[in-house]
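To start, the structure under review is shown below, and the notes come after it.
Nothing in this text is a laboratory measurement; each read-out follows from the coordinates by a stated rule. From a predicted model like this one, the values you see are computed outputs, not experimental measurements. Glycine gets a Cβ as well: all are built from the backbone with ideal geometry, and neighbour counts include every protein chain shown.
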Amino acid sequence: MILEQPEKLVEQARAARLRAYAPYSRYLVGAAVLTAAGDVFTGCNIENASYGLTICAERVAIASAIAAGQRDFVMLALVTANGGSPCGACRQVMVEFAPDMPVIIADEQGIRQTLPAHALIPGFFGPEHLTP
């Protein structure tokens, strides 16, 4: 099973990275999220000439899973050329759905680190903060 072999999830993220649309930054990013049902959803960064409309690979993968009716995330892998870390928006989306989910950060050579999503964004804003 993929959960026992995070390298397989990284490979799916690496393949998604090659589909990125990044004509401006040329910084290709791929992500793959594993659901509790055992399904994997991938995403790549999609840039836009209006930079604020760019969407990150992590959010594409998570949004694809949600659109397919899945919200129980087990693990996420992220691959960039240099092992770059997720942006703040992606970190917030990850903790919204799975604060304890392991996030694997890899570069072209392999896994660099694995952290729980909540460790990427200490003091994150969650649903409990919306209660008066």
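Summary of computed values
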item: DSSP-loop trypsin sites (Lys or Arg not before Pro) across segment 70-132, with at most 15 other Cβ within 10 angstrom; result: Arg71
item: Charged-residue dipole, Cβ positions (Lys, Arg, Asp, Glu), segment 2-130 about Cα centre, Debye nearest 20; result: 340 debye
item: Residue order, fewest to most surrounding Cβ atoms within 10 angstrom, among Asp100, Asp107; result: Asp100, Asp107
item: Length-normalised contact order of the chain in % [C-alpha pairs under 8 Å, at least 6 apart]; result: 21 percent
item: Residues whose placed amide H lies under 5 Å from that of Met101, excluding near-sequence neighbours; result: Ala117, His118
item: Total formal charge among the other residues, if their Cβ is under 10 angstrom from that of Asn82, Lys/Arg +1 and Asp/Glu -1; result: -1
item: Dipole of segment 1-87, positive direction: furthest Cα of Tyr27, Gly38, Ser85, with charges on the beta-carbon; result: Tyr27
item: Protection proxy ranking of 75-87, 13-25 - average other beta-carbon atoms within 10 Å, highest first; result: 75-87, 13-25
item: From phi via Karplus (6.51, -1.76, 1.60), per-residue ³J(HN,Hα) for segment 78-87 in Hz, x at Gly/Pro; result: 10, 10, 10, 4, 10, x, x, 8, x, 6
item: GluC sites (Glu not before Pro) within segment 24-132: DSSP coil, no more than 16 neighbouring Cβ in 10 Å; result: Glu108
